[in-house]
Amino acid sequence: MRKSALLALLLVSGVYSKDGSDKDLLEKARQFFSPLPKSFPSEENPITPEKVKLGRLLFFERRLSVNDMISCATCHAVEYYYASPAPKQMGALKLQPRHAPTVLNSAGQFVQHWIGNRKDVEDQALQSLTGPPALGNPSRESAEEKLKSIPAYVELFKKAFPKDKEPITAENIAKAIGAFERTLVTPSRFDEFLKGNTKALTEEEKKGLKTFIEVGCVSCHNGTLVGGTMYQKFGIYEPYWKYTKSESIDEGRYAVTKKEEDKYVFKVPPLRNVAMTPPYFHDGSVTSLEEAVWIMGKVQLGKDLSKQQVRYIVAFLKSLTGRLPEEARKPPILPP
């Protein structure tokens, strides 16, 4: 088990107050979680209104793909909380190797993609331009030329990148999309609870939070996003595929590092909006949140969670469903 996970488990086992009062639960929760910020800023890519406006358009722009059929929003759809309902989504030229998770709050993670082969949202957007399972362009230059042929985008790029002699570049496409994604923050009732309003959660949700902490889920799913802060092996106690019934076995980060210790290791996914974004796990092999929670107990914690424990945890996870920003609730009207 990794050091950060072990430390969290030690905190769980040694500090929790037994009286179960709201005040004690809040104090304990604050040791592991913090409220969402208003955005996820970047020193390398400062957020500006002009970039966000442009990035929102590009996120939904199908002409950015090789066949004019795929956009970022194809795999991260508004109606599915910016995730995909398919286990694996079809890109412009190829089926994606893993499930497309939500991009809501994703800019706050320590890396992008299930196996951490993308540094940040800008890197993810840049690589997607030419990735066959994504937009599939033969080159970055071909994507640039498409946008240069659309007068409205020429003007929008000038406004978003006023200091650049040639504003329409692949790097600036990625920066604009990244800036938009950095504003996709979805505060929920759990944030109100963390800020001190103990009435923001129902009694069942509080029991779920308490259970989530006590059984050890918090050892990996912690921080502002309730995950997204570390790597962990999927299947610490038993092989994950024994319970997920996955069609194929994915070796995770081993594909990147070729290190034996990285077999079956994945980024711990954030649990914000998890109730709205099935199917679950890297391969979308499980559709039920209840089943996913029970499987995690078995393979990650070595515990056979009771139906009541699962019910409580699921209740807590539903409190993580947040409010979409106003500008993110429907697709924009794209330039002609």
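Results, tabulated for the structure shown:
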{"item": "Qualifying residue in segment 305-313 (condition: aromatic (Phe, Trp, Tyr), closer than 17 Å to residue 209 by Cβ and touching a residue at least 60 places away in the same chain (Cβ under 8 Å))", "result": "yes"}
{"item": "Which listed residue, of 264, 254, 243, is over 28 Å from residue 38 (Cβ atoms), touching a Gly at 6+ places or on another chain (Cβ under 6 Å) and open to solvent by 20 Å² or more (accessible area, probe 1.4 Å)", "result": "264"}
{"item": "Among the candidates 18, 38, 23, residue that is of a type in the set (Lys, Arg), at pLDDT 95 or above and touching a helix residue (DSSP H, G or I) at 6+ places or on another chain (Cβ under 9 Å)", "result": "23"}
{"item": "The lone exception for residue 187 - which of (1) open to solvent by less than 20 Å² (accessible area, probe 1.4 Å); (2) within 22 Å of the chain's Cα centre (by Cα) it fails", "result": "(1)"}
{"item": "Unique match (being buried (at least 22 other Cβ atoms within 10 Å of the Cβ) and either at pLDDT 95 or above or over 26 Å from residue 29 (Cβ atoms) (or both)) among 279, 269", "result": "269"}
{"item": "Residues located in segment 216-240, provided they are under 30 Å from residue 22 (Cβ atoms) and open to solvent by less than 10 Å² (accessible area, probe 1.4 Å)", "result": "216, 218, 219, 225, 226, 227, 228"}
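The values are calculated or read from the model by the stated rules, or taken from the named source; none is laboratory data. All figures in this text were calculated on a predicted structure; none of them were measured in a lab. Positions of Cβ are backbone-derived with ideal geometry, glycine not excepted, and every protein chain shown enters the neighbour counts. We work out accessible area using only protein heavy atoms, side chains counted, and drop any ligands, DNA or RNA first. Shrake-Rupley method; radii C 1.70, N 1.55, O 1.52, S 1.80 Å.
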